[in-house]
Protein chains: 2
Amino acid sequence: MQVYKTPIREYRFLLEDFLKLNSSKVLTDRSLEIDDLLMIIEEASKMCEETLLPLNATGDSEGCVFEDGKVIAPKGFKEAYKVFSENGWQGIKVKEKYGGQELPYIMNMFLDEMVSSTNMSFGLYPGLTANAIDAIEKSATDELKQLYLPHLSSGKWTGTMNLTEPQCGTDLGLSKTMATPNDDGSYNITGTKIFITCGEHDLSENVVHLVLARTPNAPEGIKGISLFLVPKILPHKDGTLDSPNNVKCGSIEKKMGIKASPTCVMHYEDAKGWLVGDLNKGMKAMFIMMNGARLFVGIQGIGLSETAFQSSLHYAKERVQGKLPESENIADPIIVHPEIRKNLMFMKSMNDGIRGLMLKAGYAFDLIDSDQSKELTESSENLIALLTPILKSFATDKSMEITNQALQIYGGHGYITDHGMEQLVRDARITPIYEGTNGIQALDLIGRKFNIHDGLIINQYLDDINRYIDKHKDNSKMEKYIKLFEPSYNDLRDCIDFIKRTETTNSQEINSHAVDFLNIFALVAVGFTWLEFIVISLNKIENKDDDFYFSKIQLGDFYLTKVIFETQKFKNNIYSSGKLYNEFEDKFFEAGI
Amino acid sequence: MQVYKTPIREYRFLLEDFLKLNSSKVLTDRSLEIDDLLMIIEEASKMCEETLLPLNATGDSEGCVFEDGKVIAPKGFKEAYKVFSENGWQGIKVKEKYGGQELPYIMNMFLDEMVSSTNMSFGLYPGLTANAIDAIEKSATDELKQLYLPHLSSGKWTGTMNLTEPQCGTDLGLSKTMATPNDDGSYNITGTKIFITCGEHDLSENVVHLVLARTPNAPEGIKGISLFLVPKILPHKDGTLDSPNNVKCGSIEKKMGIKASPTCVMHYEDAKGWLVGDLNKGMKAMFIMMNGARLFVGIQGIGLSETAFQSSLHYAKERVQGKLPESENIADPIIVHPEIRKNLMFMKSMNDGIRGLMLKAGYAFDLIDSDQSKELTESSENLIALLTPILKSFATDKSMEITNQALQIYGGHGYITDHGMEQLVRDARITPIYEGTNGIQALDLIGRKFNIHDGLIINQYLDDINRYIDKHKDNSKMEKYIKLFEPSYNDLRDCIDFIKRTETTNSQEINSHAVDFLNIFALVAVGFTWLEFIVISLNKIENKDDDFYFSKIQLGDFYLTKVIFETQKFKNNIYSSGKLYNEFEDKFFEAGI
């Protein structure tokens, strides 16, 4: 079994020292203090460690069973889901008026991380429901909200997102599912959707599908797509269940990982549905909730990486093999070997840094919600827009790297199923794909985000960094770390200028740089987070909890010395242009075969 | 199903242009020409594409079945193995006097690659047999050779290597299996071995185990280990089968991939065995065949990478999604998108370059075997010693990267089982682990290989590169490529000097650089291979097969512009020392939890 304890000391650091939450309107408006948040985290932690973690391996080996259109989740999942929903976790950030707890957004992030660390497959059931709640809350009519949100927020019903079709994945404009209007304002939905996470299962009494479809005579492509709410069982107006809708699960996929979560083919045949948001504005309704959904995937990456780190740390201290020259043991624990230590330190410096950056993005949601100045709201929106593609991609790419490093530390014992390491690798492998592949995230950053208001959201972030460096550059203890940071920061700025100088009509060339640019930005943004951690920790190391802050400084030193340097590689790729592959003839790929 | 055609044009290029084999004693001694080799390759290719490839997915989904100590291979494997062995493929490089075909070593490499491309799990049965043949041929008594080699070389019997025990993986000195001498010169072997590939199965009538064990009063640790031959069924002196030995398969592992190949727990209880090689020199006997075994794992990496490349190329040309601004299609094949092209070109430039380097190492075996000058024999031995850890590590690390890139090109369709991409990723994941983890390979390079004869084997390789650059630096067409190569080559030389300056007593610091050093060396060695390919191709582009050579030049340009540059990152890691992680306190890893 995987080894995991909630990193509560780390969470406290982020709440107290990093976000400095005690003086924040986000808490005072709710009459909450950090200790209250930590108590709630402890509660969630217990559920995750005691209920979800033991079901992670069994859920993977049993998988979901499909029988006559029904899906049966692995043993124990139904009971675990009961615990999860009855304790109100589904509604953690939902407004009180819909039965939610209306806690800060960042609390939802901690919960999602703990759940992903202990049972990512389980987390997809409530995770997709949370996405559906978001979409309904932000775009549906009051009538739909009143009818659906309380049951979704209590976890009595679950939700799904239906985008993909066999011929249409990334390119949603190719969607063929049709929605024909009825006289009563509802629509009849017909079509087949694939890759529908938790599209059918036995954990909740109803499933609420959000489905992208095209109305008759709608414009072609992406501009003719609308969003519809289609329940598995049609409810009465009082929320009790009426009769089944014409929605059927045709099959579930056999797949690499997340096996305890069913990935469904869904058939809609004149299924009754209701419009969510405006006609032909389905993509807008989707995009409003997309930032949260994408950050959720990034958090899954962090969650898996944390468990990979803790498990391989545990193994490295326990497994004896080989010895140091000066040792008197027959063999030493493998944590003494440099390569093992290097990988463990890489994992921890990545996890802590990415989590810090993730919390910054999450806290921006809370600042927007807490009704502060127009300026703060706008800058928070900009930060979310910028960091979402970066965090989704980088956290998930690193989760692949880190789960694989953990497996490698276990050696052959990681390749067999017993320790759960190979499951982490398999589960992690979906995260760079779903909710928009990481390639698409990179195009979003270099295309849309780069150009919004003539580069405003990027400039705002760079200004933050500049101000921070100006503020701390005279601090003699910080000099070393700022010097380590600056070459990579300059790489980022050079690449921004380089891309600006590229003709905007040359989209092939600009798009060639997308992934490299995202990686540079991510390395620098996580590096900036480490600068912030180091400043905090330097101020703290006189206090009693010195180990924690000492470790932070050394981890930051490691990141800024060993990791961030990779920006050079990505800069080289950008500067050497995409011509080499864009102009390589297609038939040349076959040469040799 | 995966998509694969044997890259025969590429193989011809390697035989004709790269190794320039037609004038080689290796062929003339055997009265062979390149066309003969290509005909044999075509035969092997047919078997792989028609017999092995269709069993790859079914073998993975069925896996092996363990019942009452017996292992049943997946459907069709027994029949495929019959085809394989009856056509003499097991004996491809075995001496004629033992019933083999005694073809050049490189022919065995091509065969291993084709088999690994089409069915890596299947390839492990004959692959381990080949290792056992090697060990027996090089270290056993004539009596053992006469009795065992003909049946192994015909494939009638298969072989295994028994090293690992529960408490002993990398560190074989911890082995506890005991061998007690009998009066007749045989030994009684008792102990438990784990992770034994193809330790028990129904493909052959007998299994010949090579087992590391300790004799009574042997020196402690690695110096007290001997190698024993222990057959599953004891043969009469004429090679017919007598009675079962006391060897039992206790169970098989559930594991991430290579599911059609059983990974066995083997129990020996006073099983009868015979010494192979000298007493207490088991490690020496193992190491003599280790180069070949390690290169075989590297070839598995190349094989998987080739199939990953070809499959994702096929999909990229077929799948339409998104479109170029100037396109009149509703959507274009995804191969038009820069990120897809970049990844495909990365895969191909890696595969072709690594395969070329691999062939160089393989050809060195042939030069040694063909009884040439002492100087050529020694330089060939040095080349093998140098390239083995590099190729084993780099080819397998890249196979993880490339199979994952291929999966990513398929998107969600790569994550489900249908196209076989996720199987490639799972199968590839064992290659950086077995036959010595890649971390161990790196220690072998920076420890043993670095210091042999005061750096002779490294200097010899650098001299080859220097001579080559000198020879071609005045060729105006080569200037550009040599300029691209030189910074990374200088990184390698700088790092060699840097490591030489490190106190040899500071093994922690030297070992810290092992993996980075190996990576720099590999990037440069593959880069050197590309220089050689480019020189050849520049001389050829007047001929009719221009597409092939044009593509080679552009692929080389890509590698030298985009890929080799990563040496900078590894150099930075080496120059910034291992202190940051070696001196990080163990308890600091727990800070935060």
Net charge near A:Glu435 (other residues with Cβ under 11 Å of its Cβ; Lys, Arg +1; Asp, Glu -1) is +2
For B:Lys78, counting only lysines whose alpha-carbon sits under 19 Å away and dropping same-chain residues fewer than eight positions off, the answer is B:Lys46, B:Lys70, B:Lys156, B:Lys232, B:Lys259
Residues other than B:Cys264 with Cβ under 9 Å of its Cβ, Lys/Arg counted +1 and Asp/Glu -1, net out at -1
Computed ³J(HN,Hα) along region A:161-168: with the Karplus parameters 6.51/-1.76/1.60, θ = phi - 60°, integer Hz and x for glycine or proline, the list is 10, 10, 10, 6, 10, x, 9, 9
Its Cα gyration tensor gives region A:135-261 an equivalent ellipsoid whose semi-axes in whole Å, largest first, are 23, 21, 13
Magnitude of the Cβ-charge dipole (Lys and Arg +1, Asp and Glu -1) of region B:403-450 about the Cα centre, nearest 20 debye, reported as 240 debye
For A:Lys471 and B:Lys284, extending 7 Å from Cα along the Cα-Cβ vector and measuring point to point gives, in nm, a value of 6.8 nm
Beyond 29 Å (Cα-Cα) in this structure, taken from A:Lys398/B:Lys587; A:Lys138/A:Lys193; A:Lys500/B:Lys552; A:Lys392/A:Lys569; A:Lys82/A:Lys237, we find A:Lys500/B:Lys552
Applied in sequence order to region A:261-271, the curve 6.51 cos²θ - 1.76 cosθ + 1.60 (Karplus, θ = phi - 60°) yields integer Hz couplings, x standing for Gly and Pro, of 10, x, 10, 9, 8, 10, 9, 10, 10, 6, 6
Rounded to whole angstrom, the alpha-carbon centroid of region B:164-205 lies from that of region B:510-579 at a distance of 41 Å
Quick calc: nm separation of the 7 Å Cα→Cβ label points for B:Glu96 and B:Glu318 -> 4.6 nm
With label points set 7 Å from each Cα along the Cα-to-Cβ direction at B:Lys70 and B:Glu503, the distance between them in nm comes to 6.3 nm
Per the charge dipole of region B:159-280 (beta-carbon charges, Lys/Arg positive, Asp/Glu negative, Cα centre), the residue among B:Met256, B:Ala271, B:His209 reaching farthest to the positive end is B:Met256
With DSSP loop assignment and no more than 13 other C-beta atoms within 10 Å, the trypsin sites (Lys or Arg not before Pro) in region B:164-222 are B:Lys176
Counting sequence-distant residues (5 or more places) and residues on other chains, those with an amide H built under 5 Å from that of A:Leu241 are A:His236
For region B:16-133, the Debye formula with one identical point scatterer on each Cα and no solvent gives log10 I(q)/I(0) at q = 0.13, 0.14, 0.15 Å⁻¹ as -0.56, -0.64, -0.72
Measuring from its Cα centre, region B:516-593 shows a charge dipole (+1 at each Lys and Arg Cβ, -1 at each Asp and Glu Cβ) which, in debye to the nearest 20, is 140 debye
Distances in nm between the label point of B:Arg30 (7 Å along Cα→Cβ) and its equivalents in the other copies, shortest first, are 7.3
For chain A, the longest principal axis of the Cα atoms and the Cα long axis of helix A:282-318 enclose an angle in degrees, to the nearest 10, of 40 degrees
Listed by chain and number, the residues whose amide H is under 5 Å from that of A:Lys272, excluding neighbours fewer than 5 places away on the same chain and using placed H, are A:Ile189, A:Asn246
Most packed first (mean Cβ within 10 Å per residue), the peptides A:104-116, A:253-265 order as A:104-116, A:253-265
Length gained if B:Asp546 through B:Asn490 is fully extended, taking 0.36 nm per residue and subtracting the Cα-Cα distance, is 16.9 nm
hull vol. (C-alpha, convex hull) per residue for region B:453-578, Å³ -> 98 Å³
Counting only residues 5 or more apart in sequence or on a different chain, those whose built amide H sits under 5 Å from that of B:Lys281 are B:Leu227
Here the correct list, in nm and shortest first, of distances from B:Glu79 to the same site in the other copies, label points 7 Å along Cα→Cβ, is 4.6
Hull surface over four for the Cα convex hull of region A:362-484, reported in nm², is 11.2 nm²
Computed over chain B: longest principal axis from alpha-carbon atoms vs helix B:514-540 long axis, angle to nearest 10 degrees, is 60 degrees
Here the residues of region A:457-489 lying in the modelled label zone of A:Glu375, meaning backbone nitrogen under 14 Å from a point 7 Å along Cα-to-Cβ, are A:464
Taking only the Cα positions of chain B, the convex hull volume per residue in Å³ is 185 Å³
For region B:238-360, the dipole about the Cα centre with charges only on Cβ (Lys and Arg +1, Asp and Glu -1), to the nearest 20 debye, works out at 300 debye
Expressed as a whole number, the average count of other chain Cβ atoms within 10 Å around the Cβ atoms of A:411-422 is 6
Computed over region B:55-99, the distribution of all Cα-Cα distances in 10 Å bins, rounded to whole %, is 24, 36, 28, 13, 0
Given Cβ charges of +1 for Lys and Arg and -1 for Asp and Glu, the option among A:Ile72, A:Ile541, B:Gly69 whose Cα lies farthest towards the positive end of the dipole of the protein assembly as shown is A:Ile541
Charge dipole of region A:378-446 built from unit charges on the beta carbon (Lys, Arg +1; Asp, Glu -1), centred at mean Cα; most positive-end Cα among A:Gly414, A:Thr403, A:Leu443 is A:Gly414
Copies of B:Thr192 compared via label points 7 Å along Cα→Cβ give distances in nm, shortest first, of 5.0
Flagged as over-length at 19 Å C-alpha distance, from B:Lys342/B:Lys562; A:Lys281/A:Lys360; A:Lys145/A:Lys374; B:Lys25/B:Lys93, the pairs are A:Lys281/A:Lys360; A:Lys145/A:Lys374
Going residue by residue through region A:217-222, the Karplus relation 6.51 cos²θ - 1.76 cosθ + 1.60 with θ = phi - 60° gives ³J(HN,Hα) values, rounded to whole Hz and with x marking Gly or Pro, of 6, 5, x, 5, x, 5
Using alpha carbon centers only, region A:300-333 is separated from region B:117-133 by a whole-angstrom value of 32 Å
Once A:Glu205 and A:Asp36 are pulled to full extension, the length gained, defined as 0.36 nm per residue separation minus their Cα-Cα distance, is 57.6 nm
Taking only the alpha-carbon positions of the protein assembly as shown as identical scatterers, the Debye log10 I(q)/I(0) at q = 0.04, 0.06 Å⁻¹ comes out as -0.22, -0.50
Taking B:69-76, A:386-393 and ranking on average Cβ neighbours within 10 Å, highest first, one gets A:386-393, B:69-76
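Throughout, read-outs are computed from the coordinates displayed, never taken from laboratory work. Computed from a prediction, not measured in an experiment: that's the story for all the values here. Counting neighbours? That spans all protein chains shown, and the Cβs are built from the backbone with ideal geometry, glycine included.
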